[in-house]
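Quick notes on the structure that follows.
Every number here is computed from the coordinates shown, using simple stated rules; none is lab data. In this text, all values refer to a predicted model and were calculated from it rather than measured experimentally. With ideal geometry, Cβ positions are generated from the backbone for all residues, glycine too; neighbour counts draw on all protein chains shown.
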Amino acid sequence: MLAWQVERPGPIATQPLRRVDRPVPVPAPGELQVRVTASAVCRTDLHLAEGDLAPRRPLTSPGHEVVGAVTALGPGVTGWEPGQRAGIAWLRGTCGTCGYCTRGAENLCRQSTYTGWDADGGYAEYCTVPAAYAYRLPDGYPDTELAPLLCAGIIGYRALRLAQLPAGGGGRLGVYGFGASAHLATQVALAEGVSVHVLTRSPAARELALHLGAASAGPADAAPPEPLDAAILFAPAGGLVPVALAALDRGGTLAIAGIHLSDVPPLTYQEHLFYERTLRSVTANTRADGRDFLAFAGRHRLRVSVTEYPLAAADRALADLAADRLTGAAVLIPG
Ligand SMILES: [Zn+2]
Ligand SMILES: [Zn+2]
């Protein structure tokens, strides 16, 4: 089968990904074998390819937003049948017994493993997934639109929850950066009656934000038209942390959604943190987040902006993401 692997992590211009021919993977005990029908490209794939995240396993295929059809069951799998549609996401394994796992914070498990980092992911015609970490997918979406829900969607959903908008609905949310994850989280917030202000350097993304129903859209470093109850930083730009904190109302929270962020400049206590403003990160997600978000997507049809690429052009899709030439999510389609 055709697959891509991270050969030599480095700047995207040095072509860190290599296209290879590999045997179709055989499912281990407890795993599903999946024929990939759509595999979305996440900014984390770029961090893996460029070496911002150190490789954990050499020559691994990236790709952790994968939709496909189950083609074989490993020994001991119950509850899945060949032919069913399955979703594969970033979180691939946890110990299940540590303090984090048993208190509902399996995303923090020190033994957690990840698709496309610890095991081959969906930049391939086939991959495998532990059945306990595979998702059932909502009806009403084509596979290409389901794929970005599996990381961009789930992480955006967790970030929105951790941003702690006022209980009871409504509130004012700032969204900094407007890629695949932000455009999905924005729709969840809008469906919940939140007033959303999008702040991003891309004019095309600002246009999409207004089209989806954002109350305002401006440049990333501009002040929103009203103080914010909460903000989510999706852009991997630490320089925006003080900008977003300064835009918060008293008691507001800034959640940083990305796995990688450039350095945060010095903060001033009075200007950025006093009046009980909270700054917090978002680290991966639990399976419960994934199930909650996919259930939401089943009840509320999200508009998913995608750009399709053939699987054979995965390197070009990643280069386009690196150069900010994308609006919405890139999705790889095996031939
Ligand atoms: Zn654990
Ligand atoms: Zn991701």
Helical contribution to [θ] at 222 nm, DSSP H n ≥ 4, -39,500 (n - 2.57), averaged over the chain, rounded to 500
-6500 deg cm²/dmol
Segment 234-335, Cα convex hull volume normalised per residue, Å³:
153
Just check segment 103-160 against the gyration tensor rule for me: Cα atoms, a ≥ b ≥ c as the square roots of the eigenvalues, rounded for a/c under 1.5, and otherwise prolate or oblate depending on whether a/b exceeds b/c.
oblate
How big is the shadow of the Cα convex hull of segment 10-125, averaged over all directions, in nm²?
8.1
Using only the Cα atoms of segment 149-243, construct the convex hull and provide its projected area averaged over every direction, in square nanometres to one decimal.
5.4
So for the chain, what percent of the C-alpha to C-alpha distances run longer than 33 Å?
24
Cα-based helix-to-principal-axis angle, 180-191 vs the chain, degrees rounded to 10
60
Segment Thr283-Asp249, extension gain: residue separation times 0.36 nm, minus the distance between their alpha carbons
9.8 nm
Remind me, relative contact order of segment 190-335 in percent, using alpha carbon pairs under 8 angstrom and six or more residues apart?
15
Determine the shape class of segment 63-147: with a ≥ b ≥ c the square roots of the Cα gyration tensor eigenvalues, call it rounded for a/c under 1.5, and otherwise prolate if a/b is greater than b/c, oblate otherwise.
prolate
For the pair Thr78 and Leu59, how long in nm is the line joining their label points, each one 7 Å along Cα→Cβ?
3.8
Contact order normalised by length for the chain, with contacts defined as Cα pairs under 8 Å and 6 or more residues apart; what percent is it?
18
Please give the helix 287-299 orientation as an angle from the longest Cα principal axis of the chain, in degrees from 0 to 90, rounded to the nearest 10.
80
What whole-number distance in Å separates the alpha-carbon centres of segment 173-201 and segment 313-327?
22
Cα centroid separation - segment 209-223 against segment 75-98, whole Å
38
Stretch gain in nm, segment Glu276-Ala322, where the contour uses 0.36 nm per residue and the Cα spacing is subtracted:
13.0 nm
Pairwise label distance in nanometres, Arg22 with His300, each label 7 Å out on the Cα-Cβ vector
3.7
